[in-house]
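All remarks here apply to the structure that follows.
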Amino acid sequence: MTVEREPALDEVLLKPLVEAALTEDLGRRGDVTSQATIPADMQAQLQIKARQAGVICGMDLARLSFALVDAQIEFIAQVIDGEKVDADTVLAIVRGNARHLLTAERTALNFMTHLSGIATATQQIVDTVADYPAQITCTRKTIPGLRIVQKYAVRCGGGRNHRLGLDDAILIKDNHIAIAGDIKTAIKQAQNFAGHLISIEVEVDTLAQLEQALDAGVSLVLLDNMSPEILSQAVAMCKGRAKTEASGGITPETVQAVAKTGVDFIAMGYLTHSTTALDIGLDFSA
């Protein structure tokens, strides 16, 4: 089956993440276990294998993990990011100096298991709401330093990204409104600041706030912590006036009920802070 790959992240973005992970793992003396048990010139071949079915993500990070330890290691990918695989699928073959293979193993697998877990969960949720117009988006609730790859994993699973950072767009939240004085003041000030290139989204948690936001001319509203019943009313109010995005503790168990309300987007912090790693291992290949 042909898989349409999510455009890969540039290596210049990935390399610092892998370098930091390897530096943390190597510590002051390097891999003393491999040094103690494996002859310095021994060669080996190993397989990265999925031990459960899922959507793969992190292949370039794994490749870099081995390459930065030893540029002579061969990394032969068998799948691409975004590909759905069965359990026992060989994802890559790696061969070269045995000590160096084992030194890079944990860093490569840490990236792959975590990101493949995000991609897998995202695809499962996207499939759950496939009969509805809602699109699944992630949030900024990410592990510091890993946001770019976590959000890439969401895309590999068929989801969309919300803001990558604070500079992407204006999102007026409850504390902005409280400090500004009221919702109309906050929106007016944002509109004056934004010009025509910066989009504005406003978070509301009541229908009364929503009406004020719509009257102020916003085109995207974040409907926060609303029940499905209230969400349905909010969607009806916004029809033809603004796009809608639901947020607030949405889980795989509740996402379908939210999608049924007709919202355009569903923001889920769950995707990056609560998903389970996909079981992937590195096995010796004689």
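The values are calculated or read from the model by the stated rules, or taken from the named source; none is laboratory data. This structure is a prediction, so every number in the text was calculated from the model and none was measured. Positions of Cβ are generated from backbone atoms using ideal geometry, with glycine treated the same way; all protein chains shown enter the neighbour counts. Areas reflect the complete protein model, heavy atoms only, side chains present, ligands, DNA and RNA absent. Shrake-Rupley method; radii C 1.70, N 1.55, O 1.52, S 1.80 Å.
All C-alpha to C-alpha distances of segment 191-286, sorted into 10 Å bins beginning at zero, yield P(r) values of 14, 40, 23, 11, 6, 4, 1 percent in whole numbers. Compared with the direct C-alpha span, the chain from residue 219 to residue 141 gains 25.7 nm at full extension, assuming 0.36 nm per residue. Across segment 64-205, Cα-Cα pairs more than 24 Å apart make up 53 percent of the total. For residue 50, what charge total do you get from the other residues with a beta carbon under 9 Å from its beta carbon, if Lys and Arg give +1 and Asp and Glu give -1? Every neighbour counted, the sum reads -1. In degrees, nearest 10, range 0 to 90: what is the angle between the Cα axis of helix 228-238 and the longest Cα principal axis of the chain? For helix 228-238, the angle is close to 60 degrees. Neighbours of residue 246, meaning other residues whose beta-carbon lies under 10 angstrom from its beta-carbon, give a summed charge of -3 when Lys and Arg score +1 and Asp and Glu score -1. Pairwise Cα separations in segment 1-152 fall into 10 Å bins from 0 onward with the following percentages, short to long: 10, 37, 34, 14, 4, 1.
Counting protein heavy atoms only, the chain has 50 percent of its accessible area on carbon and sulfur, 1.4 angstrom probe. Note on residue 128: accessible area approximately 50 square angstrom, rounded to 10, probe 1.4 Å, nucleic acids and ligands left out.
By DSSP, the beta bridges lying fully in the chain are antiparallel in about 50 percent of cases.
Using the alpha-carbon positions of segment 49-131, Rg (one decimal) and Dmax (whole number) come out as 13.8, 50 Å.
Structure remark: mean-square fluctuation, Gaussian network model of the chain, C-alpha springs under 10 Å; the largest value among 15, 188, 141 belongs to 188.
If you sort 13, 197 by accessible surface, 1.4 Å probe, largest first, the order is 197, 13. Out of the GluC sites (Glu not before Pro) in segment 130-216, which ones are loop residues according to DSSP with at most 12 other C-beta atoms within 10 Å? In loop regions of segment 130-216 (DSSP not H, G, I, E or B), there are no sparsely surrounded GluC sites (Glu not before Pro). The equivalent ellipsoid that matches the C-alpha gyration tensor of segment 141-186 spans semi-axes of 29, 11, 8 angstrom, in descending order. Using a Gaussian network model of the chain with C-alpha springs under 10 Å, which one of 178, 216, 186 is most mobile by mean-square fluctuation? Answer for the Gaussian network model of the chain: 178.
Computed over the chain, the per-residue total of -39500 (n - 2.57) for DSSP H runs of n ≥ 4 gives a 222 nm mean residue ellipticity of -13000 deg cm²/dmol, rounded to 500. Please determine, in degrees from 0 to 90 and to the nearest 10, the orientation of helix 183-194 with respect to the longest principal axis defined by the Cα atoms of the chain, where the helix direction is its Cα long axis. Here the helix axis deviates by roughly 60 degrees. Legend: calculated FRET efficiency, residue 188 to residue 243, from the Cβ-Cβ distance at R0 = 22 Å, rounded to 0.05, equals 0.60.
Close lysine pairs were tallied over the chain: pairs 8 or more places apart or on different chains with Cα atoms under 19 Å apart number 12.
Please report the relative contact order for segment 51-164, taking Cα pairs under 8 Å with a sequence separation of at least 6, and give it as a percent rounded to a whole number.
Values: 177 pairs, mean separation 33.8, N = 114.
RCO, segment 51-164: 30 percent.
In the elastic network of the chain, a GNM with C-alpha springs shorter than 10 Å, the most mobile of 63, 163, 29 is 29. Semi-axis lengths, largest first, of the ellipsoid equivalent to the chain are 44, 20, 14 Å, with √(5λ) applied to each eigenvalue of the Cα gyration tensor. Label separation (residue 148 vs residue 78): 3.0 nm, computed from points 7 Å beyond Cα along the C-beta direction.
Over the chain, what relative contact order in percent results from Cα pairs under 8 Å that are six or more residues apart? So the answer I get is 22 percent. Taking the longest Cα principal axis of the chain as reference, the axis of helix 98-128 is set at about 30 degrees. Think of a 1.4 Å ball rolled over the protein heavy atoms: segment 105-259 then has 48 Å² of accessible area per residue.
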